[in-house]
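Notes follow once the structure below has been shown.
The values are calculated or read from the model by the stated rules, or taken from the named source; none is laboratory data. All figures in this text were calculated on a predicted structure; none of them were measured in a lab. Cβ: placed from backbone, ideal geometry, glycine included. Neighbour counts: every protein chain shown. What goes into the accessible areas is simple: the full protein's heavy atoms, side chains included, and nothing from ligands, DNA or RNA. Shrake-Rupley method; radii C 1.70, N 1.55, O 1.52, S 1.80 Å.
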Amino acid sequence: MEKGSHVFQQSRICVIGLLCALFWFCLLYSPFGAFEGRTFWSNSLQINPNSNQSKIPKSIPVTNHEPENTESPISRSENSKTDTVDKPKVFPFMRALRTVDNKSDPCGGRYVYVHDLPSRFNEDMVKECGSINIWFDMCKFTKNSGLGPPLENTEGVFSDSGWYATNQFTVEVIFYNRMKQYECLTNDSSIAAAIFVPFYAGFDAARYLSGYNTSIRDAASLDLVDWLQKKDEWKIMNGKDHFLVGGRITWDFRRLSNKDTDWGNKFLFLPAAKNMSTLLIESSPWNSNDFAIPYPTYFHPSKDSDVFTWQNRMMKLDRKWLFCFAGAPRPGNPKSIRSLLIDQCKNSNSGKLLECGNDESKCHSPSNIMKMFQHSVFCLQPPGDSYTRRSAFDSILAGCIPVFFHPASFYTQYTWHLPKNYTKYSVFIPEDDIRRNISIEQRLGQINPETVKMMRKEVVDLIPRLIYADPRSKLETLKDAFDISVQSVINKVTNLRKDLIDGRTNDGFIEELSWKYALLEEGQSVGVHEWDPFFSKP
């Protein structure tokens, strides 16, 4: 019993000694054990990159195996902020802008993407051409890609080819058919410099101008913007890179109320339409979402030589009349000066009149109009039912120097196509001068013959820029009204994109002074203008 008790005590002493040794061992070597254990866990645990939560237990820190950063926390924070600020913004149209850097690509920076609209927005209207205009049948004018029937040169007034009885309201058809032949079309909208919407806005407005309620008149416009806004192309710039052509004047698309008695539809007042660029034969001086392009004339050449031959002929013609006027009075408009111009033509031995009031067929005859213009030095172009008239373009085509009486008849309209110095190619006589009975014959007769000759050359030189070539062919070196219009839209969109990239805004723009901006020289700002009295908004 005593022996066993002694053995037991020895065993207890051994156990206690071992426990003490283990205790001191753990105490002395625990930092290294903890470090090794920490490293082991960090190396053995994995993170699933597809999981929303890390599988690393929160209580176990992860070792950073990246090289030690000697920068202070403040320094690292400042660098992080700098990186965020300096990092360039990425815009979805960057690829389109970069196409211009490819010098081997002749279309770099000029690509146009065309929306494939449902036929109800264009071709179906042409098929139903009999209902486009309530006053006359438009079907014959939609033939030949919108040029109308060919004109016979029985009196020698025209050239032997390239002349058509073109209606002034078919420019949207001509434009779309020209666009189909555009050399830089693309199916890849991401490289497009602009996006074309082939909506026949003028035909749509014309077919419902009279006798229809506003819901019917606005239906196609609302349908169009609904269709566009669902497209990915629209979402890139909210439609600001889109453009379309309407073959009527701006007032047909700017109905001021929802009264059925008001004129036209409200297309240009729709928020989506305000983002797009709409090209019309007459724009609004006080709004910025429409741009004037030339009325179509009768001349649609298919090659450069046709234009050169015509220009040479117009320079050499003998012009026996000092001035002329083709048109009818506006007895219902007390502000119109037409009756005063008609009186001056009748009372002058140097004036020629083609009066349209009693016999409209005379003024609807291309041969009669062009013959008179070709034999006149100056052609009077007062406002008609609106500021502009197709006659101004016919007179320039005939080499006749136009005389304008309101700046919105030409100068503030076709700024893409005309030189800013209007005195080089035209004469301006304010309407109030005519009301004060200033003699037109005397005013025009005082212009030096050499000056007249130089002005006529300027007029003739403008011809290529103001006509639309045959859509079924292409001019070789000359740029026509279509070419200039498309390039102007591309320039507008490109500048807008660059402004967005650079963070430039246009906060100071005053829309009601829209007519002034296109007249400014580089570096100029909007201020008082000599034409301000003409544009006091009614």
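What separates the Cα centres of segment 400-429 and segment 509-527 is a distance of 17 Å. Each of K346 and I134 was given a label point 7 Å from its Cα along the Cα-to-Cβ line. The distance between the two points is 3.2 nm.
For segment 329-453, the solvent-accessible area of protein heavy atoms averages 42 Å² per residue (probe radius 1.4 Å; ligands and nucleic acids excluded).
Grab the Cα-Cα distance for C363 and S215, subtract it from 0.36 nm times how many residues apart they are, and report the gain in nm with one decimal. Don't skip to the answer; put the middle values down first.
Values: separation 148, 0.36 × 148 = 53.28 nm, distance 3.58 nm.
The span from C363 to S215 would gain 49.7 nm if fully extended.
Note on R472 and K180: the model spin-label points, each 7 Å out from Cα along the C-beta direction, lie 1.1 nm apart.
Give me the percent of accessible area attributable to carbon and sulfur for segment 442-481, probe 1.4 angstrom. That fraction is 52 percent.
Between K424 and I501, the FRET efficiency from the beta-carbon distance, with R0 = 51 Å, is close to 0.90.
Please work out how much length the chain gains when fully extended from D223 to S190, using 0.36 nm per residue of separation minus the C-alpha to C-alpha distance, in nm with one decimal. Please list the in-between numbers first.
Working: separation 33, 0.36 × 33 = 11.88 nm, distance 2.48 nm.
Taking D223 through S190 to full extension adds about 9.4 nm, to one decimal.
Segment 456-480 and segment 275-340 have Cα centres spaced 14 Å apart.
Using a probe of 1.4 angstrom and keeping all protein chains present, the accessible surface of segment 200-254 works out to 36 square angstrom per residue. Under the convention that each Lys and Arg Cβ holds +1 and each Asp and Glu Cβ holds -1, the size of the dipole of segment 190-321 around its Cα centre is about 340 debye.
Once the Cβ-Cβ distance of E123 and F91 is raised to the sixth power relative to R0 = 51 Å, the FRET efficiency obtained is 0.90. For segment 277-320, taking Cα atoms only, Rg and Dmax work out to 16.2, 43 Å respectively. If the segment from T261 to K457 were pulled out straight at 0.36 nm per residue, it would be longer than the present Cα-Cα gap by 65.9 nm. Counting only residues at least eight positions apart within a chain, or on another chain, the lysines with an alpha carbon under 17 Å from that of K316 are K371, K453, K457. For T297, the accessible surface of its heavy atoms amounts to roughly 0 Å² (probe 1.4 Å, protein chains only, rounded to the nearest 10). Note on segment 345-406: with neighbouring protein chains present and a 1.4 Å probe, carbon and sulfur make up 40 percent of its accessible heavy-atom surface. For the residue pairs K240/K498; K89/K516; K346/K420; K180/K516, the C-alpha atoms sit more than 23 angstrom apart in K89/K516; K346/K420; K180/K516.
Roughly speaking, to the nearest percent, how much of segment 266-322's 1.4 Å accessible area is carbon and sulfur?
That share works out to 53 percent.
Each residue of segment 326-335 was assigned a 3J(HN,Hα) from its phi angle through the Karplus curve 6.51 cos²θ - 1.76 cosθ + 1.60 (θ = phi - 60°); the sequence is 10, x, 10, x, 10, x, x, 10, x, 8 Hz, with glycine and proline shown as x.
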